[in-house]
Amino acid sequence: MRFVWRTSALVVTAITLIGVAERASCAADYAREARLAQEIVPAIVVGDAVYLMTARQPRVLAIYTEATPPAIAKAAAIVVHGVGVHPDWGLINGLRTGLAEAGISTLAVQMPVLAADASREQYSTLFPESNERFVAAIAYLRARGTERIAIVSHSMGASMADAYVSSLSAAKMSAWVPIGMMNAFGSRPELPVLDVTAERDFPQVLEFASKRAVSLPRDGCSKHVVITGTDHYMENRHKELVAAIVPFLARAFAAQC
């Protein structure tokens, strides 16, 4: 009996430790965020590092890039990265600077990240926290006098944006550009949507894009766009991607949808 009890106790302890480890792996990795900030802030060439405050994080890195002159007054786009990267990573740098060059100010925001070995599926646990960061980003832009705000989001960032715009507490946005989103819409969008995929995107992205097409608003602006000659990360098509987004945002900001 003593041996059985000890064995059972060991099993319970092991299960408990596994549960603790799983919860820890699904917690936002603030130390990793800090390391990313230390790495990229000194290297920012275009735009300015700013810090947002949320209930969980008093200093969330963001990069504000002002369009000079703006093509549309009092309008800006929140730019959101994918899994485990940062607001100046590759495609995100291309979007935040390219849109600003085209006359649309941008705020690229550090979204919560997990440990480097976390799976994509585990990121859904961060959606409540990513919602808080959208709220903080919107508040920052409103404080600057911005009246019309869009979201331009890539991959997991698009899924986080979907969770936000689908929430009952979401602010009214002018438009949304999900790029390479790997899921269906959380709810039928009530704002103009430019759903972007790459010609050689991941199979999951292409599968869900066809499913999302039937839920796109019938507003004269919303549509699905394919960027040819590239993959999910669009490393060689930043200019083409920006060129596809700018006229859509211009129409949405001007309430022409």
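The values are calculated or read from the model by the stated rules, or taken from the named source; none is laboratory data. All values derive from a computational prediction rather than experimental measurement. Because the Cβ atoms are built from the backbone with ideal geometry, glycine has one as well, and the counts that use them run over all protein chains shown. Quick note on the areas: whole protein, heavy atoms, side chains included, nothing else; ligands and nucleic acids left out. Shrake-Rupley method; radii C 1.70, N 1.55, O 1.52, S 1.80 Å.
From the alpha carbon gyration tensor of region 25-112, can you work out the equivalent ellipsoid semi-axes (sqrt of 5 times each eigenvalue) and give them in Å, largest to smallest?
24, 13, 11
How large, in percent, is the carbon and sulfur part of the accessible surface of region 84-242 at a probe radius of 1.4 Å?
52 percent
Can you tell me the orientation of helix 2-25 relative to the chain, as the angle in degrees between its alpha-carbon axis and the longest Cα principal axis, to the nearest 10?
Here the helix axis deviates by roughly 10 degrees.
Taking 8 Å as the Cα distance limit and 6 or more residues as the minimum spacing, I'd like the relative contact order of region 114-193 as a percentage.
Here the relative contact order equals 29 percent.
Give the peptides 154-161, 80-87, 170-177, 62-69 in descending order of average Cβ contacts within 10 Å, highest first.
Sorting 154-161, 80-87, 170-177, 62-69 by mean packing, highest first, produces 154-161, 80-87, 170-177, 62-69.
So between Gln256 and Arg200, what do we pick up on full extension, going 0.36 nm a residue minus the alpha carbon distance?
17.0 nm
Any idea what the relative contact order of region 106-257 is, in percent, if you count C-alpha pairs under 8 Å spaced at least 6 apart?
18 percent
So what are the ³J(HN,Hα) numbers for region 166-182, from phi and the Karplus equation (6.51, -1.76, 1.60; θ = phi - 60°), rounded to whole Hz, Gly and Pro as x?
7, 7, 5, 9, 5, 6, 6, 10, 7, 6, 9, 10, x, 10, x, 6, 9
Can you figure out the FRET efficiency of Tyr30 with Ala143, using R₀ = 22 Å and their beta-carbon distance, to the nearest 0.05?
Efficiency, from the Cβ-Cβ distance: 0.35.
Please determine, in degrees from 0 to 90 and to the nearest 10, the orientation of helix 156-165 with respect to the longest principal axis defined by the Cα atoms of the chain, where the helix direction is its Cα long axis.
80 degrees
Computed from the mean reciprocal separation of all distinct C-alpha pairs, what Kirkwood hydrodynamic radius does region 162-224 have, in Å?
12.0 Å
Stokes-Einstein D for the chain at 4 °C, 1.567 mPa s, Kirkwood Rh over Cα pairs, in µm²/s?
Estimated via Stokes-Einstein, D reaches 68 µm²/s.
State log₁₀ I(q)/I(0) for region 131-253 at q = 0.11, 0.16, 0.21 Å⁻¹ as given by the Debye formula over alpha-carbon point scatterers of equal weight, solvent excluded.
Each listed q maps to, in turn, -0.35, -0.75, -1.26.
How large is the Kirkwood hydrodynamic radius of region 68-208, counting all unique pairs of alpha carbons, in Å?
For region 68-208, inverting the mean 1/r across all distinct Cα pairs yields 15.2 Å.
Based on the Cβ-Cβ distance from Asp231 to Glu101, what FRET efficiency comes out when R0 is 22 Å, to the nearest 0.05?
The formula returns an efficiency of 0.40 here.
Ordered by packing density, taken as the mean number of other Cβ atoms within 10 Å over each peptide's residues, highest first, how do 163-169, 212-218 rank?
By packing density, highest mean first, the sequence is 163-169, 212-218.
Given the options Trp89, Ser105, Ala43, identify the residue whose Cα lies farthest towards the positive end of the charge dipole of region 24-125 (+1 on Cβ of Lys, Arg; -1 on Cβ of Asp, Glu).
In region 24-125, that residue is Ser105.
Grab the chain and count how many Lys pairs have their alpha-carbon atoms under 22 Å apart, sequence gap of 8 or more, or different chains.
For the chain, the number of qualifying lysine pairs is 4.
In the Gaussian network model of the chain, springs joining C-alpha atoms below 10 Å, which of Arg96, Arg59, Arg148 carries the largest mean-square fluctuation?
Largest GNM mean-square fluctuation: Arg59.
So what is the relative contact order for the chain, in percent, with contacts set as C-alpha pairs under 8 Å and at least six apart?
16 percent
Determine by what factor the alpha-carbon radius of gyration of region 196-252 differs from 2.2 N^0.38 Å, reporting the quotient.
So region 196-252 has a normalised radius of gyration of 1.17.
Do any cysteines of the chain lack a neighbour Cys whose Cβ is under 4.7 Å away, and which are they?
Flagged as lacking a Cys partner: Cys26.
Region 35-86: Rg/Rh from Cα coordinates, Kirkwood Rh?
Over the Cα atoms of region 35-86, Rg/Rh equals 1.00.
If R0 is 22 Å, what FRET efficiency do you get for Arg56 and Lys172 from their C-beta distance, rounded to 0.05?
Efficiency, from the Cβ-Cβ distance: 0.35.
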